[in-house]
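The values are calculated or read from the model by the stated rules, or taken from the named source; none is laboratory data. Since the structure is predicted, the reported quantities are computational estimates derived from the model, not experimental observations. Neighbour counts run over all protein chains shown; Cβ positions are idealised from the backbone, glycine included. Each accessible area value is taken on the protein alone, full model and side chains, heavy atoms only, with ligands, DNA and RNA left out. Shrake-Rupley method; radii C 1.70, N 1.55, O 1.52, S 1.80 Å.
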Amino acid sequence: MKLICVSNEHEMSLEASRLIGALVRITPDAILGLATGSTPLGTYGELSRMFLEENLDFSCIRTINLDEYIGLDGSHPQSYRAFMAGYLFGRINIPPANTFVPDGMAEDIEGECRKFDELMEQMGRVDLQLLGIGANGHIGFNEPADCFTSNFHCTELTEDTIEANSRFFDRREDVPTHAITMGMRGIMNARRLLILASGKKKANAVAEACFGPVTPRVPGSIIQLHPDVTVIADWEALSDTGLFEEAE
Ligand code: GLP
């Protein structure tokens with residue numbers, strides 16, 4: 001695991017966008033696995049700037065997203081499809097047909113999950129999977145559980161996650177209770193994982209995911225089994241790891 005310690009969220013976003021931007025230049029037809037949440041916002045902003053000002057070309061890039069809320073239409077402002085359109089896809093030159101986000105309004109959710117597993121088979125390996133981490137250790141919407149789930153699946157969001165994500169909704173009751181998420185096979189099959197974290201509220205999750213036992217109780221801990229992981233985190237997010245005790 002490569003650990004890049006940065007001073008703050010802005011530096012985290014710059015580092016991440018440099019890595020992703022370099023991949024896009026070297027491999028113009030790369031497959032990117034993308035994440036939502038507040039963590040990658042700065043990264044997406046910087047990639048959009050690189051498209052506008054530095055001719056970063058996304059025309060042959062394909063993307064697949066980790067997850068989507070069940071019950072939100074793609075036009076709902078809090079759907080992850082709308083998030084991606086607003087913060088990235090609508091700001092760069094990626095063809096819409098190259099972007100894949102599960103449909104949270106699919107009549108047959110199990111069928112939608114199967115469709116995404118098949119899609120991943122057909123696309124080939126994701127070159128880089130971007131991940132945030134939930135304060136409870138979740139990645140994508142793989143919530144703490146008794147076992148890891150390998151395929152795309154429907155998941156029930158924990159109270160912690162609903163509470164954390166309620167900041168994006170008018171009322172807590174508006175937060176969907178279920179989501180479609182990529183499973184661990186899809187995440188772990190990526191050639192490279194890039195995990196971003198900033199802020200004190202992620203400190204425990206980062207410490208457990210990077211250095212604790214590998215357990216489905218901390219879903220992000222599975223990254224320790226991946227051969228090519230880069231974690232970009234700020235001092236606050238690393239503050240429970242014990243790495244800087246002497247320096248302090
Ligand atoms: C969300 C997403 C995750 C994200 C995590 C952290 O609910 N499903 O993909 O990494 O929770 O969110 P945030 O970046 O807003 O802290």
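Exactly one residue out of Leu52, Leu47, Leu119, Leu41 is buried (at least 21 other Cβ atoms within 10 Å of the Cβ) and of a type in the set (A, V, I, L, M, F, W, C), and it is Leu47.
Please state which one of Glu163, Glu159, Glu143, Glu173 is open to solvent by 10 Å² or more (accessible area, probe 1.4 Å), out of contact with any Pro (no Cβ under 6 Å at 6 or more places or on another chain), touching a residue at least 24 places away in the same chain (Cβ under 8 Å) and among the acidic types (Asp, Glu). It would help to see each step written out before you state the result.
Details: Glu163 fails: touching a residue at least 24 places away in the same chain (Cβ under 8 Å); Glu159 fails: touching a residue at least 24 places away in the same chain (Cβ under 8 Å); Glu173 fails: touching a residue at least 24 places away in the same chain (Cβ under 8 Å).
On inspection, the qualifying residue turns out to be Glu143.
Only one of the numbered conditions (1) within 13 Å of the ligand (Cβ to nearest atom); (2) modelled with pLDDT of 95 or more is violated by Pro216, and that is (1). Of all the residues in the stretch 117-135, those that are in a loop (DSSP other than H, G, I, E, B) and within 9 Å of the ligand (Cβ to nearest atom) number 4. In the stretch 50-73, is there at least one residue being in a loop (DSSP other than H, G, I, E, B), in contact with an Asp or Glu (Cβ under 8 Å, 6 or more places away or on another chain) and either modelled with pLDDT under 95 or away from the ligand (no atom under 16 Å from the Cβ) (or both)? Checked the stretch 50-73: at least one residue is in a loop (DSSP other than H, G, I, E, B), in contact with an Asp or Glu (Cβ under 8 Å, 6 or more places away or on another chain) and either modelled with pLDDT under 95 or away from the ligand (no atom under 16 Å from the Cβ) (or both). Considering the stretch 138-163, the residues that are of a type in the set (Gly, Ala, Ser) and more than 10 Å from the ligand (Cβ to nearest atom) include one that is nearest to Val175 (Cα to Cα), namely Ala145. Of the residues examined, Thr181 is one that is under 15 Å from Asp67 (Cα atoms), modelled with pLDDT of 95 or more, hydroxyl-bearing (Ser, Thr, Tyr) and near the ligand (Cβ under 10 Å from one of its atoms).
Looking at the stretch 96-116, can you tell me whether even one residue there is within 14 Å of the ligand (Cβ to nearest atom) and open to solvent by 60 Å² or more (accessible area, probe 1.4 Å)? No: zero hits.
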